[in-house]
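The values are calculated or read from the model by the stated rules, or taken from the named source; none is laboratory data. From a predicted model like this one, the values you see are computed outputs, not experimental measurements. With ideal geometry, Cβ positions are generated from the backbone for all residues, glycine too; neighbour counts draw on all protein chains shown.
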Amino acid sequence: MKIGITCYPTYGGSGVVATELGIELAAAGHQVHFITYSQPFRLTGREKGIFYHEVPVSNYPLFEYPPYDLALATRMYEVAEYYELDLLHVHYAIPHSVSALLARQMLAARGRHLPFVTTLHGTDITLVGLDRSYLPITRFAIEQSDGVTSISNYLRERTIKEFGITREIEVISNFVNCDFYTPLGQERAERRSRFATSDEKLLVHLSNFRPVKRVGDVIEVFARVAEKIPARLLLIGDGPDRSSAEWLAHSKGIQHRVHFLGKQDSVNELLPLADLMIMPSELESFGLAALEAMACCVPAIATRVGGVPELIEDGKNGRLFPVGAIDEMAAAALDLLTDDEKLNAMAATARQTAQQRFCTTRIIPAYERYYERVIERS
Ligand code: GMT
């Protein structure tokens with residue numbers, strides 16, 4: 001198939017999923033065209049079968065707000081026509097599905113049909129879509145999509161409930177390439193020594209540092225752990241709450257134990273260095289960061305919110321707590337970090353979960369089958 005993919009190409013779970021999906025589809029022999037405002041950050045530009053089309057947005061002085069959605073629709077239309085796309089797959093409803101709808105209509109006017117699939121990721125529904133000003137257009141674009149998928153059952157139910165949508169929504173969960181996200185062998189000790197000595201435990205958090213991620217709770221949990229045992233914290237990512245997290249680390253006097261790494265491309269090289277992940281989010285429709293860590297044999301201490309319980313089973317492959325339960329999360333972290341047998345068993349089960357339920361080898365064929373169905377019926 002010739003598939004166009006649109007997503008937010010910068011830091012964020014939906015962009016990661018879209019990019020990894022494109023890479024896997026190309027590896028399976030499909031031709032993949034990314035149509036985005038900049039090259040998705042996990043692409044090298046050297047992948048076989050992958051083409052990148054930038055969306056240029058002209059900023060005429062009259063435009064206080066450059067019309068990105070229109071520029072995107074135009075580029076979708078052009079790429080679909082020039083490269084004879086079979087299907088367009090947009091990740092994150094706003095504004096991508098609206099632009100895809102426009103492109104489909106423009107092509108229809110020239111006698112060409114281009115079906116499009118919208119994948120819902122979370123904040124497009126839970127935050128942005130529920131802003132009254134965005135709700136009608138988001139609902140319309142979802143209803144008009146030729147296919148709609150959701151990355152968890154939770155998000156599917158929430159979309160139906162909040163948007164009153166009656167159309168079919170297929171759940172195709174997020175995935176991880178378990179050959180790429182994998183525990184390290186002998187090289188682990190040497191690479192880990194960059195961040196922690198062998199007698200120190202290493203905790204990790206990975207996010208876009210938005211308020212929904214509750215990075216302050218990560219610092220609070222870590223401070224309680226570091227009070228009791230030698231430990232270090234790796235913080236991967238950047239965003240609006242980074243400076244308040246830095247301030248909190250300083251004010252608790254633990255700044256020398258916390259490594260702020262900023263945005264990193266190769267998180268698969270960093271995650272396996274850790275012993276435990278902390279993901280205390282207010283809400284996660286799925287929690288891709290936890291899945292990536294689990295595939296690397298790093299279980300997560302997380303919150304029982306959204307789609308997270310679809311991934312983490314409390315006590316088996318990770319731990320789940322109510323939002324804000326800092327003391328309980330710290331106690332659970334200490335319990336695991338001071339009991340190697342328990343931690344190793346949980347780490348092994350976490351990797352098993354990733355391999356058996358969320359591996360690319362299961363999920364990519366599900367997308368392929370879904371594309372075929374959408375193309376066939378539209
Ligand atoms: O979490 C974010 O702020 C980013 C957001 C996105 O769309 O990039 O993440 C959402 O999509 C991810 C990939 O499907 C999910 O793993 C995240 O759980 C989801 N975030 C939320 O629901 C808050």
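Per the listing TYR134, TYR92, TYR82, the residue uniquely under 21 Å from the mean Cα position of the chain (by Cα) and among the aromatic types (Phe, Trp, Tyr) is TYR92. Checking MET277, MET294 one by one, the residue that is touching a His at 6+ places or on another chain (Cβ under 9 Å) and either within 20 Å of GLN356 (Cβ to Cβ) or in a loop (DSSP other than H, G, I, E, B) (or both) is MET277 and no other. Small (Gly, Ala, Ser), buried (at least 20 other Cβ atoms within 10 Å of the Cβ) and either in the same structural domain as THR119 (by TED's automatic domain parsing) or in a loop (DSSP other than H, G, I, E, B) (or both): is that true of ALA71 in this structure? For ALA71, the condition - small (Gly, Ala, Ser), buried (at least 20 other Cβ atoms within 10 Å of the Cβ) and either in the same structural domain as THR119 (by TED's automatic domain parsing) or in a loop (DSSP other than H, G, I, E, B) (or both) - is not met. Of the residues screened, GLU200 is not one that is more than 16 Å from the ligand (Cβ to nearest atom), farther than 23 Å from PHE286 by Cα, at pLDDT 95 or above and within 25 Å of the chain's Cα centre (by Cα). Of everything in segment 198-240, what is part of a strand (DSSP E or B), surrounded by fewer than 21 Cβ atoms within 10 Å (Cβ to Cβ) and in contact with a Gly (Cβ under 6 Å, 6 or more places away or on another chain)? Give them in sequence order. Passing the criteria: none in range. Residue pairs whose Cβ atoms lie under 6 Å apart, sitting 6 or more positions apart in sequence or on different chains, and linking a residue in segment 112-127 that is at positive phi to a partner that is at pLDDT 95 or above and more than 8 Å from the ligand (Cβ to nearest atom), do not occur here.
Restricting attention to segment 142-154, the residues that are assigned to a helix (DSSP H, G or I) and more than 16 Å from the ligand (Cβ to nearest atom) total 2.
Would you confirm whether any residue within segment 320-343 is on the phi > 0 side of the Ramachandran plot and within 23 Å of the chain's Cα centre (by Cα)? Within segment 320-343, one or more residues are on the phi > 0 side of the Ramachandran plot and within 23 Å of the chain's Cα centre (by Cα). If you go through segment 260-282 and pick out every residue that is crowded, with 20+ Cβ neighbours inside 10 Å, within 13 Å of the ligand (Cβ to nearest atom) and not polar (S, T, N, Q), you end up with 2. Considering only segment 4-29, state which residues are buried (at least 17 other Cβ atoms within 10 Å of the Cβ), farther than 15 Å from VAL90 by Cβ and free of Cβ contacts under 8 Å to residues at least 40 places away in the same chain. Within segment 4-29, ILE23, ALA26 meet the criteria. Restricting the search to segment 177-206, which residues are touching a helix residue (DSSP H, G or I) at 6+ places or on another chain (Cβ under 9 Å) and polar (S, T, N, Q)? Result: ASN177, THR182, SER198. Determine if segment 22-40 includes at least one residue that is within 14 Å of the ligand (Cβ to nearest atom) and not hydrophobic (A, V, I, L, M, F, W, C). Yes, segment 22-40 contains at least one residue that is within 14 Å of the ligand (Cβ to nearest atom) and not hydrophobic (A, V, I, L, M, F, W, C).
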